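The values are calculated or read from the model by the stated rules, or taken from the named source; none is laboratory data. Note that the structure is a prediction, hence the values are computed from the model and not measured. Every residue, glycine among them, receives a Cβ derived from its backbone with ideal geometry; neighbour counts consider all protein chains shown. With ligands, DNA and RNA removed, areas are computed over all heavy atoms of the protein, side chains included. Shrake-Rupley method; radii C 1.70, N 1.55, O 1.52, S 1.80 Å.
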Amino acid sequence: MEWVETGDGAKLSVRVFKPPASGEEPDAAGDVAVVLVHPYTILSGAQRMLWGMAEGVARRGYTAVTFDMRCAGRSTGCASLTGSTEVGDVAAVCRWVAENINPRGILLVGSSAGAAIAGSAVDKVDEVIGYVSIGYPFGLMASVLFGRHHDAILKSQKPKLFIMGTKDVFTSVKQLQNKLKSAAGRVDKHLIEGAGHFRMIGPAFDAQMVDLIVEFINSLPK
């Protein structure tokens, strides 16, 4: 377990998942690190929800990093209702990864409300080279809390992948499509037929999420 301090003094609990030893000298600067951002802290979101996915990403050869945003798990600080303060948490962890793991680039992966928060951090760290959203809360009701995050990711020129179940209770397929019409840069979309929001962000879909994440990494410019 590692600790990362934010600009306002919160201390975040961080866990690093390394690829299995292959017997070869690793080229840390040549790999992409995957930083995963957990769901809404106020609804008991925490990094443990992403450990299965992180382990899968590591088995595929990429360093994965999970962390508890402020007030989640062992992390200190107070959670914000809209996830605005947590954007700084994501940026702080990404900068720590850039300095201590030294990857070629960082892929930010956000789950549920974590997707909105991660999206606001994408352009705050130069080393972030892409973004994957799992169940982004674009719907009207969810936008009351997270609408302030939408513009940041939609205006970013960095490559983006949005993964969503067709039965998501927070965002309909039509709402997702309408939002992505205005998105800048490369925008990929993957719909999972019949999947609801909470089931899709749970462990039942970890293996499929890992496949999609790795496929997206492999499609990014080297």
*Mind counting the residues in region 94-147 that are farther than 16 Å from D188 by Cβ and in a loop (DSSP other than H, G, I, E, B)?*
10
*Go through the residues of region 128-146 one by one and say whether even a single one is of a type outside the set (A, V, I, L, M, F, W, C), over 20 Å from L212 (Cα atoms) and at pLDDT 95 or above.*
no
*Only one residue in V93, V87, V122 is closer than 23 Å to K181 by Cα, modelled with pLDDT of 95 or more and within 13 Å of the chain's Cα centre (by Cα). Which one?*
V122
_region 176-204, residues that are over 20 Å from G119 (Cβ atoms) and surrounded by 19 or more Cβ atoms within 10 Å (Cβ to Cβ)_ = A195
*asked:* Would you confirm, using the coordinates I've provided, whether K167 is open to solvent by 10 Å² or more (accessible area, probe 1.4 Å), in contact with a strand residue (DSSP E or B) (Cβ under 8 Å, 6 or more places away or on another chain) and closer than 18 Å to A91 by Cα?
replied: no
*Checklist (1) under 27 Å from G202 (Cβ atoms); (2) touching a residue at least 60 places away in the same chain (Cβ under 8 Å); (3) not polar (S, T, N, Q) applied to R104, failing item*: (1)
*Does region 178-186 contain at least one residue that is under 16 Å from the mean Cα position of the chain (by Cα) and over 22 Å from V125 (Cβ atoms)?*
no
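Given the criteria out of contact with any Leu (no Cβ under 9 Å at 6 or more places or on another chain), modelled with pLDDT of 95 or more and β-branched (V, I, T), does V187 qualify? Even if it seems obvious, please write down each step before you answer.
Numbers: out of contact with any Leu (no Cβ under 9 Å at 6 or more places or on another chain): no; modelled with pLDDT of 95 or more: yes; β-branched (V, I, T): yes.
Here the answer is no, as V187 does not meet what is asked.
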*Identify, please: which residue in region 131-151 is surrounded by fewer than 24 Cβ atoms within 10 Å (Cβ to Cβ) and touching a residue at least 40 places away in the same chain (Cβ under 8 Å) and is, among those, nearest to G194 (Cα to Cα)?*
L145
*Every residue from region 83-106 that is farther than 21 Å from S13 by Cβ and buried (at least 17 other Cβ atoms within 10 Å of the Cβ)*: G105
_Residue identified as open to solvent by 70 Å² or more (accessible area, probe 1.4 Å), modelled with pLDDT under 95, farther than 19 Å from G202 by Cβ and not aromatic (F, W, Y) among G30, G23_ = G23
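Only one of these is under 27 Å from P137 (Cβ atoms), buried (at least 21 other Cβ atoms within 10 Å of the Cβ) and at pLDDT below 95: T41, T6. Name it.
T41
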*Would you call A113 small (G, A, S) and either more than 19 Å from R95 (Cα to Cα) or surrounded by fewer than 16 Cβ atoms within 10 Å (Cβ to Cβ) (or both)?*
yes
